[in-house]
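What follows is a short report on a single structure.
The values are calculated or read from the model by the stated rules, or taken from the named source; none is laboratory data. Predicted model only: the values in this text are computed from it and were never measured. Neighbour counts run over all protein chains shown; Cβ positions are idealised from the backbone, glycine included.
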Amino acid sequence: MSLRDLWHPRMRPSFLIVGAQKAGTSALFTLLASRPGVRPPTTKEIHFFDRDDLYAHGWGWYMRHFPRREKGGITFEATPNYLYVPEAPGRIARHLPHARLVMVLRDPVRRAFSAWNMYHAFEGHPRFAHLYDPRSFAQAVEEELAGRPTHRALRYLARGHYAPQVQRYADLFPREQILVLSYADLKLRQLDTLNKLTAFVGLPGFTAGEPVLATRANERPYTAPLDPALQERLRAHFAPLHAELERLLGAPIDLDEAR
């Protein structure tokens, strides 16, 4: 620790957006960073708690991503992998036991298709070419359902098995520190849903007409539509998993973006 860190310590994040991937966390990060009193980190996705190589850098490395305390306010971060990676909840509980946790869950079929479109577009990418998925979405799904080994990032269906992911946090944090939102509600009932979130994390709410509410991030056109027959097959796959999620939450959660 440097003398400057000793005399002018950095702010700890008071809340974390822990996921899910392809559920609007980039836009949400921008929206929340616009609130009065918020001082965002140097980067949205720090990946400290979900990557062994970065976690090995230690707590000081993580804290250097956040502003110093002298100006007041609060800070936060948003790394969607924290929901999916099993090691992340325990690490967060160890270092930030009082942090509030925000989860945004998306229709798992649409989430999977969106993720595949992203990885399928990584051919020749300067940073992510190693994650390029040359398969069709149908092939990727069939191989995953058959249990064929693949890179963890390319397990499109597994990321939509939300109940065990939420359960890992529920086992370690009080229920009042966890807020589970629907991506569909963020799209279709944006103002009410955002203000539920700002109230949860202690930030000023939004008002209708603010220009920042038009924020969009990481949106890309799909090269082809999702095959309706495959979509229905996947909906049947996820139906019992969604029922398990609702039992865990103790309430219905509507993930349907088409309503």
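Does the range 152-167 include one or more residues that are farther than 30 Å from GLY250 by Cβ and small (Gly, Ala, Ser)?
Within the range 152-167, one or more residues are farther than 30 Å from GLY250 by Cβ and small (Gly, Ala, Ser).
Can you spot a residue in the range 160-169 that is under 19 Å from ARG106 (Cβ atoms), surrounded by 11 or more Cβ atoms within 10 Å (Cβ to Cβ) and without any contact (Cβ under 8 Å) to a residue 40 or more places away in the chain?
yes
For the range 38-93, which residues satisfy the criterion of being free of Cβ contacts under 8 Å to residues at least 60 places away in the same chain, in a helix (DSSP H, G or I) and closer than 26 Å to PRO108 by Cβ?
If the condition is that a residue be free of Cβ contacts under 8 Å to residues at least 60 places away in the same chain, in a helix (DSSP H, G or I) and closer than 26 Å to PRO108 by Cβ, then ARG91 is the only one that fits.
Taking the range 192-251, which residues are within 20 Å of ALA112 (Cβ to Cβ), among the polar types (S, T, N, Q) and not in a loop (DSSP other than H, G, I, E, B)?
First pass over the range 192-251, keeping only residues within 20 Å of ALA112 (Cβ to Cβ): 217-246.
Within this subset, residues satisfying the condition of being among the polar types (S, T, N, Q) are 218, 223, 231.
Once the filter is applied, which keeps residues that are within 20 Å of ALA112 (Cβ to Cβ), among the polar types (S, T, N, Q) and not in a loop (DSSP other than H, G, I, E, B), the range 192-251 yields only GLN231.
If I ask for residues that are charged (D, E, K, R) and within 12 Å of ALA138 (Cα to Cα), which ones from the range 211-231 would you list?
Listed by number, the list holds a single entry, ASP227.
Here is a list of conditions, (1) at pLDDT 95 or above; (2) within 29 Å of ARG189 (Cβ to Cβ); (3) hydrophobic (A, V, I, L, M, F, W, C); (4) not in a loop (DSSP other than H, G, I, E, B), and ALA27 meets all of them except one; can you say which number that is?
Against the list (1) at pLDDT 95 or above; (2) within 29 Å of ARG189 (Cβ to Cβ); (3) hydrophobic (A, V, I, L, M, F, W, C); (4) not in a loop (DSSP other than H, G, I, E, B), ALA27 comes up short only on (1).
Going through the range 129-168 one residue at a time, which ones are part of a helix (DSSP H, G or I), small (Gly, Ala, Ser) and under 17 Å from ALA224 (Cα atoms)? Step through it out loud before you land on a result.
Initially, the range 129-168 is screened for residues part of a helix (DSSP H, G or I), giving 129-131, 137-145, 152-154, 158-160, 162-168.
If we keep only those that are small (Gly, Ala, Ser) as well, we get 129, 138, 140, 153, 158, 160, 163.
Within the range 129-168, ALA138, ALA140 meet the criteria.
If we keep just the residues of the range 187-201 that are in contact with a Lys or Arg (Cβ under 9 Å, 6 or more places away or on another chain) and of a type outside the set (Ser, Thr, Tyr), which is surrounded by the most Cβ atoms within 10 Å (Cβ to Cβ)?
If we take residues in the range 187-201 being in contact with a Lys or Arg (Cβ under 9 Å, 6 or more places away or on another chain) and of a type outside the set (Ser, Thr, Tyr), then VAL201 is surrounded by the most Cβ atoms within 10 Å (Cβ to Cβ).
Just need a number here: residues in the range 18-29 that are touching a Phe, Trp or Tyr at 6+ places or on another chain (Cβ under 7 Å) and of a type in the set (Val, Ile, Thr).
Of the residues in the range 18-29, 1 are touching a Phe, Trp or Tyr at 6+ places or on another chain (Cβ under 7 Å) and of a type in the set (Val, Ile, Thr).
Residues that are closer than 20 Å to PHE49 by Cα and not aromatic (Phe, Trp, Tyr): does the range 129-141 have at least one? Please lay out each step first, then the result.
At the first step, the residues of the range 129-141 found to be closer than 20 Å to PHE49 by Cα are none.
Among the residues of the range 129-141, not one is closer than 20 Å to PHE49 by Cα and not aromatic (Phe, Trp, Tyr), which makes the answer no.
Return yes or no: is LYS187 basic (Lys, Arg), closer than 28 Å to ARG91 by Cβ and part of a helix (DSSP H, G or I)?
no
Could you tell me whether any residue of the range 197-210 is under 22 Å from ASP107 (Cβ atoms) and of a type in the set (Phe, Trp, Tyr)?
Within the range 197-210, not a single residue is under 22 Å from ASP107 (Cβ atoms) and of a type in the set (Phe, Trp, Tyr).
Taking the conditions exactly as written (crowded, with 18+ Cβ neighbours inside 10 Å, more than 19 Å from the chain's Cα centre (by Cα) and farther than 23 Å from PRO36 by Cα), does LEU245 satisfy them or not?
Spelling it out, it is not the case that LEU245 is crowded, with 18+ Cβ neighbours inside 10 Å, more than 19 Å from the chain's Cα centre (by Cα) and farther than 23 Å from PRO36 by Cα.
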